[in-house]
Amino acid sequence: MAAPRAPLHLMAPVWNQGTRGIHGLSKAVAPEDSQRKGRSLLQFLADHFYDVQALREYLLRKQVLKVHQKNRPFTHIKERFGPHAAGAYFILKQGGAVKFQGKEWIRPNTRGRFSLDFLKFPEVPVEAVDASGSAINYHGLDNLLALKELQSLWLRHCPHVDDWCLSRLHSLANSLQELSLAGCPRISERGLACLHHLQNLRRLDISDLPAVSNPGLTQILVEEMLPNCEVLGADWTQGLRLGPEEQSRDTASPIPA
Amino acid sequence: MLRRSLQFALGRDVLGRGLGTHRGGSTLDWNGKMSEIKKKIQSVLPGGAWTQLHDTSYLPPEHSDVYSQASTVLSVGGIRQQFSVPENIQLSLFSIDFLRNINEYLAVVDDPPLDIQFNPSGYLLLASEKGAAVLESNVRVQRQEGAKVCLMSPEQLRNKFPWINPEGVALASYGMEHEGWFDPWSLLQGLRRKVQSMGVLFCQGEVTRFVSSSNHAETPSGEEVTLKRVHEVHVKIDHSLEYQPVECAIVINAAGAWSGQIAELAGVGKGPPGTLQGTKLPVEPRKRYVYLWNCPQGPGLETPFVIDASGAYFRREGLGNNYLGGCSPTEEEEPDPENLEVDHEFFQDKVWPPLAQRVPAFESLKVRSAWAGYYDYNTFDQNGVVGPHPLVVNMYFATGFSGHGLQQAPAVGRAVAEMVLHGNFQTINLSPFLFNRFHLGEKVHEHNII
């Protein structure tokens with residue numbers, strides 16, 4: 001089960017601080033054993049008190065709503081400045097970087113601020129987008145799909161990009177040449193199967209996808225599916241990273257040439 | 001003891017309050033509506049589960065596993081929007097939305113998230129010269145409803161999928177998004193887990209009797225009608241002669257292939273033929289075979305769910321060059337639905353030749369396994385029956401989908417919930433699918449039945 005549990009589970013609140021402490025701890029990453037102890041206390045309380053259960057369900061809902069809020073569409077900007085500016089604004093708001101045609105990369109600074117100069121040139125198309133590590137999901141992808149001349153797209157380590165998102169990428173098939181999906185925890189080989197629409201793709205990075213069941217075989221099948229594309233997987237380095245007990249199990253997988 | 005605990009559970013909602021004191025909430029979303037139902041009404045679903053999937057309720061005692069013959073778990077698991085009836089397209093669109101957000105709809109605190117293993121590879125429908133015009137008009141309707149389907153000519157087909165032999169194909173329609181296949185068992189388990197966490201009780205047994213009361217009323221034109229109301233359902237416990245009478249306010253018939261038998265028990269269709277009292281529920285079990293084969297040179301990762309013009313279909317299964325497929329037999333060749341034995345001759349004669357002609361690589365293949373399942377076949381027009389029965393006033397139907405029930409199940413569930421709570425359909429108008437059409441003779445004909 002490689003799907004992440006973190007987005008759906010609440011971290012243990014600290015009860016001696018009262019309910020004020022619960023709100024601030026949703027982002028905290030507790031260490032393993034205290035997390036387990038805290039969660040079993042929480043589970044015990046949730047099983048015996050309906051109020052605690054309702055509170056946990058409410059906080060779960062809030063976490064989900066936060067992701068939705070981050071992926072809301074900026075229709076006002078889209079109507080006023082066009083799809084390229086709206087897409088760029090969306091990406092920059094998420095903390096990603098944007099490169100317009102003929103210009104340099106625009107990134108937000110450490111405080112999350114970025115210059116709004118690109119709004120002065122609404123006709124200039126976006127050439128490359130780096131949304132790595134952002135909370136972009138299926139709905140947020142609407143903003144990206146309007147960028148009809150996008151050539152490079154990096155979605156490394158995005159926790160909410162999954163197979164459903166990949167099935168939407170076919171509308172970028174005419175222009176997309178480079179795509180990187182490395183490290184996304186929800187992408188499996190089923191989503192990679194819909195990348196065959198991207199006939200202009202020349203570079204594809206599918207390394208380090210924990211949800212793919214058989215990385216070596218998947219790499220071979222994707223290479224067969226996209227003959228003009230250079231596919232980067234990390235299968236040989238994965239072999240190096242295995243521990244001694246897992247190495248004997250892995251000798252059955254195909255050894256790449 | 002069982003009787004008392006059932007009555008106790010059905011009488012109180014989760015928080016211990018009585019039925020009358022819950023908050024009125026017509027502004028709740030669908031999830032909230034489902035919980036409202038559980039708190040508000042005592043409902044009995046033959047099969048003992050409030051799931052709108054094809055549960056089997058009418059099991060002979062030797063089958064101890066409840067879902068062993070259910071159509072859901074034996075299904076190939078595809079979901080598509082390529083139908084000709086707009087309501088079917090809308091049902092399927094909502095269902096795919098549901099499946100995409102399944103971890104928000106069916107989230108249970110402290111349980112791992114569901115993975116339904118959805119393959120978004122799309123459906124490819126091939127049409128010969130004869131069917132090309134129908135296919136084109138269907139695609140127009142589908143696009144109007146919001147499905148993402150594109151039409152392809154034989155040359156485009158050959159370019160995109162080099163393993164296809166486009167001889168005899170005049171037109172093809174390819175679903176780009178929101179179509180594919182998934183694991184029906186995980187959907188079933190997810191629904192069960194969620195409703196159990198909300199307080200629904202499951203009981204396992206065979207429905208043997210409905211106890212109902214009659215009421216005579218007069219129509220505006222002066223005719224006398226007999227309205228029935230089901231009060232109790234007798235559920236016979238497995239491997240014993242005991243039965244449990246379950247008091248209920250509402251009965252929902254979602255018994256899949258056995259819905260016709262359940263409806264007869266409730267008194268649907270007992271009357272002179274040609275009248276509303278005499279109109280039976282025309283759903284019967286039809287056996288369909290599914291074969292799993294291995295073909296080392298077969299199509300690759302991009303293979304969609306291919307449906308040939310001849311009616312034979314196949315799809316990829318996993319990464320090891322395995323494929324699932326089958327074909328619906330013609331009316332004359334219908335196998336006997338008495339059991340679920342597989343006829344391997346059927347594969348040799350009817351499934352393999354058209355598939356081998358369409359995909360030349362399939363000329364050498366090896367069948368690994370096969371199984372059979374039931375369609376809850378609606379003999380009237382092969383479309384679902386949703387909504388209340390006009391005479392048995394508290395019986396609702398959600399059955400008869402003839403092979404596309406799994407993909408419409410979430411949307412149909414919502415529709416029945418709306419019907420029960422509000423008395424009419426609110427989001428998708430399924431009035432063409434009401435029971436009355438059997439008496440009035442209005443067929444809702446669906447062209448794309450596999």
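Values computed for the structure shown
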read-out	value
Average beta-carbon neighbours from other chains, 10 Å sphere, peptide B:180-191	1
Global form of segment A:103-154, assessed from the alpha-carbon gyration tensor, a/c cut-off 1.5	oblate
Loss of accessible area when B meets A, both sides summed, Å² nearest 100, probe 1.4 Å	3000
FRET efficiency, 1/(1 + (r/R0)^6) with R0 60 Å, evaluated for B:T427 and B:L292 via beta carbons	0.95
10 Å binning of all Cα-Cα separations within segment B:191-273, expressed as whole percents from 0 upward	14, 37, 32, 12, 5, 0
Residues of segment A:46-63 buried by at least 30 Å² on assembly (accessible area, 1.4 Å probe, chain alone as reference)	A:Y50, A:R56, A:L60, A:R61
Net dipole in debye of segment B:145-213 [+1 Lys, Arg Cβ; -1 Asp, Glu Cβ; about Cα centre; nearest 20]	360
Average other protein chain Cβ within 10 Å of Cβ, residues B:107-119	6
Counted charge near B:F433, where neighbours are those whose Cβ lies closer than 12 Å (Asp, Glu -1; Lys, Arg +1)	-2
Among B:I164, B:I262, B:I89: highest mean-square fluctuation, GNM of chain B, C-alpha pairs under 10 Å	B:I164
For residues of B:170-176, the mean tally of beta carbons on other chains within 10 Å	1
In nm, spacing of pseudo-spin labels at B:S369 and B:R143 (7 Å Cα→C-beta vector)	4.2
Dipole magnitude (debye, nearest 20) for chain B, charges at Cβ of Lys, Arg, Asp, Glu	1240
Förster radius 41 Å - calculated FRET efficiency between A:S213 and A:V52, Cβ distance, rounded to 0.05	0.65
Given B:K287/B:K366; B:K350/B:K443; A:K103/A:K148, the pairs whose alpha carbons are separated by over 19 Å	B:K287/B:K366; B:K350/B:K443
GluC sites (Glu not before Pro) within segment B:60-146, DSSP loop, no more than 11 other Cβ atoms inside 10 Å	B:E62, B:E129
Chain B: proportion of alpha-carbon pairs further apart than 44 angstrom, %	14
Area accessible to solvent at B:M176, 1.4 Å probe radius, in Å²	40
For B:S121, residues with placed amide H under 5 Å, excluding near neighbours	B:W181
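The values are calculated or read from the model by the stated rules, or taken from the named source; none is laboratory data. Remember, predicted model here, so these are calculated numbers, not experimental data. So basically every Cβ, Gly included, is an ideal-geometry build from the backbone, and we count neighbours across all protein chains shown. SASA here: full protein model, heavy atoms, side chains in, ligands and nucleic acids out. Shrake-Rupley method; radii C 1.70, N 1.55, O 1.52, S 1.80 Å.
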